2 protein chains.
Amino acid sequence: MGLDSFTPQKRFSTGGGGGALPINNHDATAAGRNRGVPRGRQLHKTFNNIKITILCGFVTILVLRGTIGVGNLGSSEADAVNQNLIEETNRILAEIRADSDPNDPDESTETGLNPNVTYTLGPKISDWDQQRKVWLSGNPEFPNFVNGKPRILLVTGSPPKPCDNPIGDHYLLKAIKNKIDYCRLHGIEIVYNMAHLDKELAGYWAKLPLIRRLMLSHPEIEWIWWMDSDAFFTDMVFEIPLSKYDQHNLVIHGYPDLLFEQKSWIALNTGSFLFRNCQWSLDLLDAWAPMGPKGPVRDEAGKVLTANLKGRPAFEADDQSALIYLLLSQKGRWMDKVFVENQYYLHGYWAGLVDRYEEMMEKYHPGLGDERWPFVTHFVGCKPCGSYGDYSVDRCLRSMQRAFNFADNQVLKLYGFSHRGLLGPNIKRIRDETTTPLEIVDQLDIRRSVTGKTKSKS
Amino acid sequence: MGLDSFTPQKRFSTGGGGGALPINNHDATAAGRNRGVPRGRQLHKTFNNIKITILCGFVTILVLRGTIGVGNLGSSEADAVNQNLIEETNRILAEIRADSDPNDPDESTETGLNPNVTYTLGPKISDWDQQRKVWLSGNPEFPNFVNGKPRILLVTGSPPKPCDNPIGDHYLLKAIKNKIDYCRLHGIEIVYNMAHLDKELAGYWAKLPLIRRLMLSHPEIEWIWWMDSDAFFTDMVFEIPLSKYDQHNLVIHGYPDLLFEQKSWIALNTGSFLFRNCQWSLDLLDAWAPMGPKGPVRDEAGKVLTANLKGRPAFEADDQSALIYLLLSQKGRWMDKVFVENQYYLHGYWAGLVDRYEEMMEKYHPGLGDERWPFVTHFVGCKPCGSYGDYSVDRCLRSMQRAFNFADNQVLKLYGFSHRGLLGPNIKRIRDETTTPLEIVDQLDIRRSVTGKTKSKS
């Protein structure tokens, strides 16, 4: 079927202020009805937040009673302490959750009130390759290649407020620890963003202004790698074969037949992808952004996407569908520089992977990166930070814990430990201490096992 | 007053399995009564955990009702979904909190049952300097100096289970994001530990086996920098003047007069300190560890420390008091290689700092690292992850948020943003976008402003 060009009915300028950050990339079902926060629900949500806060206070009472116990304080003193604790926690949680000041003059015009202003990510830059080239030659202490490898910046993040679901922050913590481990082993820098850079491009769209901003601020970075907060590295040895993409500027997981034949809304996955730091990427971001501004623009764009992409439910425009649509409708302009990768799991959909970890450990080994030992396990649809996901909380949390342990085992091995099982937190010793620990380092340090050039963190 | 040598009544071997990790370094008051978990409380604690789990289920109901709202599901369907959600969350939380299997044959003998076995951190290594030297010369791709700077590994961590206080995980997340930012700007690697390496040395003692393990596994690392999870970097420009310590092997914040004249239990702070990767450090760790094994040894050691250190309340031995005691009682053996630093805030006690951030922003600038612009703000006694701290939850959370924003402003500046205030999550644009972004990079990139050699992440 032919694809119509997308012409937004209304256009908006960039505002100041913030926009929400994506937690994960996508829901795969009709969860669209809950995407974003309809303005009519604001009060309802605030009221629910108050209820949450009060209950957290009750939880805190019980925890406090359990810790202080009988005999340490008199009961009336304990009651007074408990009461204070509830009040304090409630007060601070309410402040943390408070929205920005609606009277703030710096806040941009409300979406929909100024249809004559066009939204852009920023002023048009047309000579970025040249600017960057000049800068790099003038700044040899900030090279874009180190030991023959291009510098990569891994970008991820989560909202600045506590998760609606208390367990969510714990899994965000585990997810970033997982990324810290992988990046340390492979000499990759990390930016963990918790700021709303653009109010218009909120939610999953927030990665666009962030990627642009980081490209322009870090000319020494050759590749920007966006990764969702709900994606875990599960192959600690595998490295992206970047030389494969010397002629490309965007590397993204997907399936060409799903994309070109079926025009499926899940043909590509924007939960884990790499952009080269160059003019082409800035141009693609500019072309991608117009469906993003929240409100009528995003809603209308959603209808166009649902009408044109196979299997897409009805909901506002999301960044993934918009990119697919853009690459299909302007195929000649972009596709020669886009590498649709599926030889390894740059994005690995969790549901088909997490139950096979034991089998993998038995049959295979790290370094494969594919269905035998997935590079990345991505918990699409779980939304541990939010209060509504597409899968059961139980299944998601167990699965995330299993992915975490599966990866952690690969890191702990050098230190002589392993998790007892894939679900619990406890570890066991798998190797006795010795007086010659460097023999082990020579055998087991992952950085030494990477094929090709010997690795150096320097 | 003279100090007696410490001879443990009972000695224990290292076990397999795990030990709890320290969240922060110290309580400054009589909070010692809650340190560790007396065996008699185990049942009580389990029962309380069940209560917590049930209440978390109630919280989840309310959150779910708020999100699904009226009209999306029929009420009986909503009830069924809610019920399932409660059960699922309860089940998974209970499993996550479950203790290790008491029947596990790999678990070491219960403390106190084998008094004839001596505790050690591991087999005695006596030639680590030589082993390391040989390894480094044979592995030039893993140098211990990069661009003239010694390689540093920042080590921090938190327990593998969710925090008792739900807000705790959120602040652990913010604290690691803060550390990621500082370390990216200064070319420092991070290990975030969530494993119990040694069951005997649990709690704040867990840093000892961890530091040893990392030294022996990472010969390319010149300095291991332990930092508590409740410590935040608040000067993003300041760098530790490592050349000042060429003749030292331990750099720790403290006050010599408090140490030598007053023998105060807070003369030094083990929440942020650096160990050189060398034989001397292994020896000090070995000498430090004996007061640590939990149970009778730690309890008895606590009495010795309280008797000998000024101001120390009565509670089991903690690592900080034990180190102070060790350095005092074996002064001639160790002190020539210990640098007691107070020219900048390698550890900055939060209570005297957080209310002055606005004044600092008005009068001073990053890079000073001292009382004018503290290098590290350390939330001693707050315990956001636990359920009982020495200060009000309100005051602690507000203060931690202020420290986070104060630091984050220094990072966001390069990107053209700043927090609106020190408490809330929202940011504002402080600089318009331009078509020549690299002029800003030249002016503002922190890595370029570090005095001395130009910085390179490579």
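Every read-out reported here was derived from the displayed coordinates using simple, explicitly stated rules and does not represent laboratory data. Everything quoted here is computed from the prediction, not taken from an experiment. Here the Cβ is made from the backbone with ideal geometry for all residues, glycine too, and neighbour counts use every protein chain on show.
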- Item | Pseudo-label separations to other copies for A:D336 - Cα-to-Cβ vector, 7 Å, nm | 7.1
- Classify the stretch A:367-458 as rounded, prolate or oblate, taking a ≥ b ≥ c as the square roots of the eigenvalues of its Cα gyration tensor: rounded when a/c is under 1.5, otherwise prolate if a/b is larger than b/c and oblate if not. oblate
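Just counting partner chain Cβ atoms within 10 Å, what average do the residues of peptide B:218-226 show around their Cβ?
2
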- Remind me, relative contact order of the stretch B:348-412 in percent, using alpha carbon pairs under 8 angstrom and six or more residues apart? 31
- Task: Go through B:268-279, B:409-420 and give me the packing order, highest mean Cβ count within 10 Å leading.
- Result: B:268-279, B:409-420
- Query: Taking the Cα centre of the stretch B:246-377 as the origin and placing charges on Cβ (Lys, Arg +1; Asp, Glu -1), which of B:T270, B:L327, B:V340 is farthest toward the positive end of the dipole?
  - Reply: B:L327
- Violations at 31 Å Cα threshold for listed pairs B:K199/B:K383; B:K149/B:K337; A:K263/A:K363 -> A:K263/A:K363
- Averaging sequence separations of C-alpha pairs under 8 Å and six or more residues apart, then dividing by the length of the stretch B:181-269, give the relative contact order as a whole percent. 17
- Task: Search the structure for amide H atoms under 5 Å from the amide H of B:F238, placed 1.01 Å from N in the peptide plane, and list their residues when 5 or more places away or on another chain.
- Result: B:G367
- Message: Per 0.36 nm of contour for each residue apart, how much would the distance between B:D299 and B:L444 grow if the chain were fully extended, relative to their Cα-Cα spacing?
- Response: 47.0 nm
- Query: Which whole number gives the average, over all residues in A:197-207, of C-beta atoms from other chains lying within 10 Å of the residue C-beta?
  - Reply: 1
- Query: Between A:Q130 and B:K244, what is the label-to-label distance in nm when each label sits 7 Å out along the Cα-to-Cβ direction?
  - Reply: 4.8
- Message: Given points 7 Å out from each Cα along the Cα-Cβ axis, report the B:R333 to B:Q262 separation in nanometres with one decimal.
- Response: 2.7
- Message: Please report, for B:F260, the nm distances (one decimal) from its label point, 7 Å out from Cα along the beta-carbon direction, to the equivalent points in the remaining copies, shortest first.
- Response: 7.8
- Taking a ≥ b ≥ c as the square roots of the eigenvalues of the Cα gyration tensor, with a/c under 1.5 meaning rounded and otherwise prolate when a/b exceeds b/c and oblate if not, the stretch B:279-356 is oblate
- Task: Only Cα pairs under 8 Å and at least 6 apart count here; give the relative contact order of the stretch A:376-431 as a rounded whole percent.
- Result: 23
- Message: Averaged across B:139-147, how many Cβ atoms of other chains sit within 10 Å of each residue's Cβ atom?
- Response: 4
- Would you mind putting B:305-314, A:373-382 in packing order, based on average other-beta-carbon counts within 10 Å, highest first? A:373-382, B:305-314
